[in-house]
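Each remark here refers to the structure printed beneath this line.
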Amino acid sequence: MSAAYVPASDAWRTIDAVDAGFDPQRLAAAVAFAQAHETDWPRALLTEDGQLWYAVSMGETPPVSLPLGPVEDRDGPSGVVLRGGMIAASWGDIARPQITFSVAKSYLAVLAGVATGRGLIGDLDEPVRRRVDDGGFEGAQNGPITWRHLLQQTSEWSGTLFDRPDSVDHNRSVGLAGGEAPKGDLRPMRPPGTHWEYNDVRVNRLSLSLLRVFGAALPETLRDAIMDPIGASRGWRWEAYRNATVDVGGRRLASVPGGSHWGGGIFISTLDHARFGLMVARDGMWGGRRILPEGWVGAMTAPCSLNPGYGFMWWLNTGGAQFAGAPHDAFFAMGAGTHVVAVLPSQDIVLVARWIRKTSVEGLIGRVLAALR
């Protein structure tokens, strides 16, 4: 087993469980656990009257609960376990592109690294308005917002973007104690950098800002900078909202969302997620080629002072913040449903699981770790 191994674009090496350092029966039991603990979400992600099931489950009502982007029915559970970059186990349809919700946020964080490496973003602590002049970062509230604030979800950006006000996700703490009121209740705004909130409108403001600095559509940039170099399939796609076309240097380009809260987002296979996770696990390297700037993975996985369980759009296991039974150096791209790309650096494991119950993710990770010999 070699930590330097990365799969070719047209093939992925599998490895016997024993050769990968697993007990075969215990690893098979982990796979069976994932298959037996499918999410309780319905297969149809739109309700009969056309609302988003996910939005309705959070208490949203029309028009906010109506989709702005495409939505597809979900499949059953799927997943893959990599050790040393090779496939030690898999389950379900790992080749079908599917909606993946907030895992897309972690792709945005990687694109921010690409922009930084190209000099399109200078200091992460400089105000975004120095690079993005589209009216979105004016005034006392939005003017001081930095790239770091956007990446850590501490920006407190205030406004409406693509028909969704930032207030729709006010008080959304997502695992962090301290939600003052029900999600969507208006609250006083705080200075940028002083309050953590899981706010999808602000994530979409980051995506639009990245579009501005690249001067090119983010799906094309992701394909050219990341997905093609790591040998991803041509089946993945990043869908925009129907009302998210903006002018960029005289061209009309679609700004894609950092998730699927209101439809759209990244539709991608389990195998392509695994390639992406492996690239990040390799510190932004793919074989002998550097994909991300040196040090960017470390920056993405540095704890936010306001939420030590969060970095730059990646969930961290600081002090066991996410999963008490997982290594504290583990980090995760996670989305509703539940979708998880788990990177366990000390064990050289990348685990991708789709459509598993959120409460069962820790049990799956624990079983995979328990299968190590």
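Details
- ARG252 vs. criteria of a type in the set (Lys, Arg) and more than 24 Å from SER269 (Cα to Cα): yes
- Residues (in a loop (DSSP other than H, G, I, E, B) and in contact with a helix residue (DSSP H, G or I) (Cβ under 9 Å, 6 or more places away or on another chain)) located in segment 265-291: ARG282, ASP283, GLY284, ILE291
- Here segment 327-357 is the region considered, the condition is being charged (D, E, K, R) and in contact (Cβ under 8 Å) with a residue 24 or more places away in the chain, and the residue that is farthest from SER102 (Cα to Cα) is ASP348.
- Of all residues in segment 233-249, those that are outside any loop (DSSP other than H, G, I, E, B) and either touching a Leu at 6+ places or on another chain (Cβ under 6 Å) or not acidic (Asp, Glu) (or both) total 5.
- Subset of segment 38-67 [on the phi > 0 side of the Ramachandran plot and surrounded by 19 or more Cβ atoms within 10 Å (Cβ to Cβ)]: none
- Inclusion of PRO70 among residues that are of a type outside the set (Phe, Trp, Tyr), modelled with pLDDT of 95 or more, under 27 Å from ASN199 (Cβ atoms) and surrounded by 16 or more Cβ atoms within 10 Å (Cβ to Cβ) is warranted.
- Every residue from segment 243-284 that is small (Gly, Ala, Ser) and under 12 Å from the mean Cα position of the chain (by Cα): GLY258, GLY259, SER260, GLY265, GLY277
The values are calculated or read from the model by the stated rules, or taken from the named source; none is laboratory data. Quick caveat, the model's predicted, so the values are computed rather than measured. FYI the Cβ positions are ideal-geometry reconstructions off the backbone, even for glycines, and counts take in every protein chain you see.
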